[in-house]
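Read the structure below first, then the notes.
The values are calculated or read from the model by the stated rules, or taken from the named source; none is laboratory data. Bear in mind that the values here come from a model prediction, so they are computed numbers and not experimental data. Backbone-built Cβ (ideal geometry, glycine too); neighbour counts: all protein chains shown.
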Amino acid sequence: MKKILIIVMTLCVSTLHAQVTPRNILAKKYSQEQVKQALVPREQYKPYPTTPQEWKAAVPDSVLTRIVKAGQEQLTYTFEPITASTALDFVRSGDRERHSGISFGKRNAMVDLMLAESVEGKGRFTEAILNGVWSICEESFWGVPAHIGNTGLPDVENPVVDLFAAETAAVLGLADYFVGDQLDKINPLVRKRIYFETNRRLFTPMLTKGDTYGWNSPTRPVNNWNPWIMSNWISATLMLEKDEDRRAAMIHKSMTDLDRYLNSLGDDGGCDEGPSYWTAAGASVYDCLELLSDATNRTVNLYDEPLIQNMGGYFYKVHIDEHYFVNFADADPKLMPDGLLLYRFGKALNDERMVEMGQWALGKYAQSSLAPSRFHRFRFIKNLLTAQHIGPTKSSYKKVEDAWLSDIQVLTARSSNGLFLATHGGHNAESHNHNDVGDFMLYANGEPVIIDAGRGNYTARTFSNQRYELWFTQSQYHNLPIINGLGQLAGRNFEAQNVSSRISDKDASLTMNIAPAYPPAAGLTNWNRKVTLNRAKNQVEVTDEFTMQQKPSSLQEVFMTIADVDTTKPGLVKLTTPGRQTFVLRYDPKEWKVSTDYPSTDGMEYRSFKTKWDNRPVQRILLSNISLSQKGKHSFTIAPYTPN
């Protein structure tokens, strides 16, 4: 059947995902009293196995053996304190890794130990768990120094709730659930300390000043922090709070706070932070809904809401092939999808494509689902309980051919010959933003040809006023024009306008004016860019038509790649992928001269680029215009190379 032509116009900024839409789905559907009546009392709340017999009935023996082995490997783990000097690394050098190595390592060891003890039930892990619990409770701050500004050291009189303070509370809640009785036998003050510290560091701050945190703003868009923290708050509350009235109040408050993230999404459910952050955003929304559903005997249920269904479907709409995903903004180009999470989420949504993607991903990347996770630990436990119910894995699943996410202005399209195009408009104040309005990427048979380089390591500069000094955030290192030596600027006003997507059997294209994304000094009147996957010709076409206020002093076009580059023949750049596919970027040699360079990999922020792309360096191809006209139209094509 012939595909229906789809044309979507975006003419005004109000349709972009950049404002709050007060849907308040949870608040409107469930009152606090309804939640209180439906909530399973704490003493009856048993979401996970707690005895060796229960574990054996629920989880395959091979998985249980691995859990015990992981615990055994942590028996000699030393729960070292976090010194003031370690905490000060962030403000002194910008380094985040020494602190997180200790902090995250302690929590990972705790999870391995408590699960091993619960599965085995012989008491040999309890002393190590005791030391882990006490060591974590003794820490001055459960989060990371990067999340408390430039103080380096925390103000212990004013506990701050960040991602990892919430994660820690959930870890201690799980410790209380799985081995609380054993800890009581050692000393009843241990569980008392768990509750005291969790109440002081998470429960009370969220109830008394939760609305003051930027990540929980009731009036401004919020990002993955919100559902990520809410999921941990819900888990810790269900496990630890004994006062049933307060327990219900906190659960309802977490639901109405979760609305703030859902209100920040556009109707298409697009994640402007990218798919690797979706695992902490949309997937954390599912964590919340799953926890709430289990704890209310299925009373809380949003799975039939179109927004939730679209939010889930986003993930497969930006899947390229294998472990490659569309990686605009700070998203990583590669991730191993969690098949068991996708399977459960797909089942809840009645989304067969997501279910099949989960079955494929489990077969391909089982370690992503069944290896203990650094974060979202209750998700990992749910994975363990799902493993024997998923059925046969699949060698493939039916990928989405085309998708248009109007709320974040992302277009994805693939051809029957193996080409995959992603391009987007958007604006330069998106969460985890790169200045990349009008960028695109091209993959062929699952291999990168033209890339978005992605992000480097997070350091103090990454989320500071020096962010856009880092090359990977700059438009000059994305597949975009450089005009009068200038790239795009960050900010909500720097955006694409007159955005139009078109999808048909013949082609898929995105047209937009990207001039507003550049500063006034660039001298642009308009810059209309059209990026097209031409299925009939099996090529990608980039056309830039522009008018400037005066003749430019310089004009360049950038193409980023990890392919081997050959520029010896005028008019074409030969690109050879790691898998030995050869493509050619065609340009008019009368209009352009070509050069290449390699962005720096020196310094803390850039270390990951040495391994991010399978040890292949990121290379920038620069086409410099010769004619330099005030008005013009330039076209470039990228297609498989066919020798004459």
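Listed here are the residues, each with its yes/no results for (1) assigned to a loop (DSSP other than H, G, I, E, B); (2) touching a Leu at 6+ places or on another chain (Cβ under 7 Å).
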| position | (1), (2) |
| --- | --- |
| P599 | yes, no |
| E605 | no, yes |
| R616 | yes, no |
| S624 | no, no |
| H634 | no, no |
| P643 | yes, no |
- Filter segment 24-55 down to the residues that are assigned to a helix (DSSP H, G or I) and among the β-branched types (V, I, T), then identify the one that is farthest from G123 (Cα to Cα). I25
- Item | helices (runs of 4 or more DSSP H) wholly inside segment 276-359 containing at least 3 residues that are over 28 Å from G173 (Cβ atoms) and at pLDDT 95 or above | 306-317
- Message: Regarding segment 365-378, can at least one residue be identified that is surrounded by fewer than 20 Cβ atoms within 10 Å (Cβ to Cβ) and outside any loop (DSSP other than H, G, I, E, B)?
- Response: yes
- Considering only residues that are at pLDDT 95 or above and among the β-branched types (V, I, T), look in segment 89-129 and name the one that is farthest from the chain's Cα centre (by Cα). T126
- Do we have L183 as closer than 27 Å to Y261 by Cβ, in the same structural domain as K106 (by TED's automatic domain parsing) and part of a helix (DSSP H, G or I) here? no
- If we scan segment 512-527, do we find a residue that is closer than 30 Å to V400 by Cα, surrounded by fewer than 19 Cβ atoms within 10 Å (Cβ to Cβ), modelled with pLDDT of 95 or more and not assigned by TED's automatic domain parsing to the domain that holds R414? no
- Message: Every residue in segment 217-264 that is over 26 Å from V40 (Cβ atoms) and assigned to a helix (DSSP H, G or I), please.
- Response: W225, N263, S264
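If you check S627, S608, S635, which single one turns out to be loosely packed, with under 13 Cβ neighbours inside 10 Å and polar (S, T, N, Q)? Full working, then the answer.
Values: S608 fails: loosely packed, with under 13 Cβ neighbours inside 10 Å; S635 fails: loosely packed, with under 13 Cβ neighbours inside 10 Å.
None of the others qualify; the one that does is S627.
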- Note on the structure: In segment 417-442, anything at pLDDT 95 or above and either hydroxyl-bearing (S, T, Y) or touching a Cys at 6+ places or on another chain (Cβ under 9 Å) (or both) is listed as T423
- Within segment 492-501, the residues that are within 23 Å of L419 (Cβ to Cβ) and either among the β-branched types (V, I, T) or in contact with a Phe, Trp or Tyr (Cβ under 9 Å, 6 or more places away or on another chain) (or both) are V499, S501
- How many of the residues in segment 285-312 are surrounded by fewer than 22 Cβ atoms within 10 Å (Cβ to Cβ) and touching a Gly at 6+ places or on another chain (Cβ under 7 Å)? 2
- Message: For segment 487-505, which positions are assigned to a strand (DSSP E or B) and out of contact with any Gly (no Cβ under 6 Å at 6 or more places or on another chain)?
- Response: G491, R492, N493, F494, E495, Q497, N498, S500, S501, R502, I503
- Taking first residues from segment 93-118 that are closer than 13 Å to F375 by Cβ and among the aromatic types (F, W, Y) and second residues anywhere that are modelled with pLDDT under 95 and buried (at least 19 other Cβ atoms within 10 Å of the Cβ), the pairs with Cβ under 9 Å that are 6 or more apart or on different chains are F104/F375
